[in-house]
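Please read the structure below before turning to the comments.
Readers should treat all values here as calculations from the given coordinates under stated rules, not as data from a laboratory. The structure presented is a predicted model; accordingly, all values stated were derived computationally and were not measured. Cβ atoms come from the backbone with ideal geometry, glycine included; neighbour counts cover every protein chain shown.
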Amino acid sequence: SSLTSLYNSPDLLRVNYDASANLVGFTTGESYCICDPNNLNNPKKTVSLSAMGFSIGQQTWQSQSLSYPYVFWQSGAYNSKSDPATVGCFNVETNARQFLHTYLTGSYGMKYSYNEPEGIYSTGSAVLVTFNNNDNGSNSINYLFSIPTLTADSTVSERLKSL
């Protein structure tokens, strides 16, 4: 086979790669691990998802993007008041949550009323986020949005208010 096993875990893995820092990030169990791509079994940093602001057992983790030292992440289920669509950012060097924000998806102009956050990707100058939007039936549309120049500085709170 042309496949090479790099890492295995009994837990669901969600993997991403920060090319500029040459680091692999992945969730496993209740943690987010940051590793050298050649040494996935020995993380350089491991952060508890709950320390990042995620409520294990109460929220649905959807995806994350590593833009070292920041980890951006999305969580949430379809139109759930107890598990709302949420975006967060955590600085793994300072072990500090930079922000945690619940989306106001009703103002995004999506066609249907059921919205679930899916993917997230940091470009460095923006954070791209996707939503699965459906009518609670067979019709669905996936939307891609850009959150411009999201950096963990003093202007983040002001930028998030417009979401």
Pairs of Cα atoms farther than 17 Å apart, segment 10-92, %
43
Charge dipole of the chain about the Cα centre (unit charges at C-beta), most positive-ward option of L49, M110, Q62
M110
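At a Förster distance of 41 Å, what's the computed FRET efficiency of S50 paired with Y143, Cβ-Cβ distance as r, to 0.05?
After rounding, the FRET efficiency stands at 0.90.
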Once amide H atoms are placed 1.01 Å from N in the peptide plane, what residues at a sequence separation of 5 or more from Q62, or on another chain, have their amide H within under 5 Å of its amide H?
Q74, S75, G76
Check R14: other-chain or 5+ apart residues with amide H under 5 Å from its amide H, H built from backbone geometry?
T27
If you average the C-alpha positions of segment 92-152 and of segment 1-38 separately, how far apart do those two centres end up, in angstrom?
23
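What length, rounded to one decimal in nm, is gained on full extension from S113 through to F99, with 0.36 nm per residue of separation minus their alpha-carbon distance?
Numbers: separation 14, 0.36 × 14 = 5.04 nm, distance 2.60 nm.
This chain segment gains 2.4 nm when fully extended.
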Cα-centred dipole magnitude for segment 14-161, charges only on beta-carbon of K, R (+1) and D, E (-1), debye, nearest 20:
120
Restricting to DSSP H runs of at least four residues, report the calculated mean residue ellipticity at 222 nm for the chain, -39500 (n - 2.57) per run over all residues, nearest 500 deg cm²/dmol.
-1000 deg cm²/dmol
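Please pull out the direction-averaged projected area of segment 14-161, using the convex hull of its alpha-carbon atoms, in nm² to one decimal place.
Reported value for the Cα convex hull: 9.0 nm².
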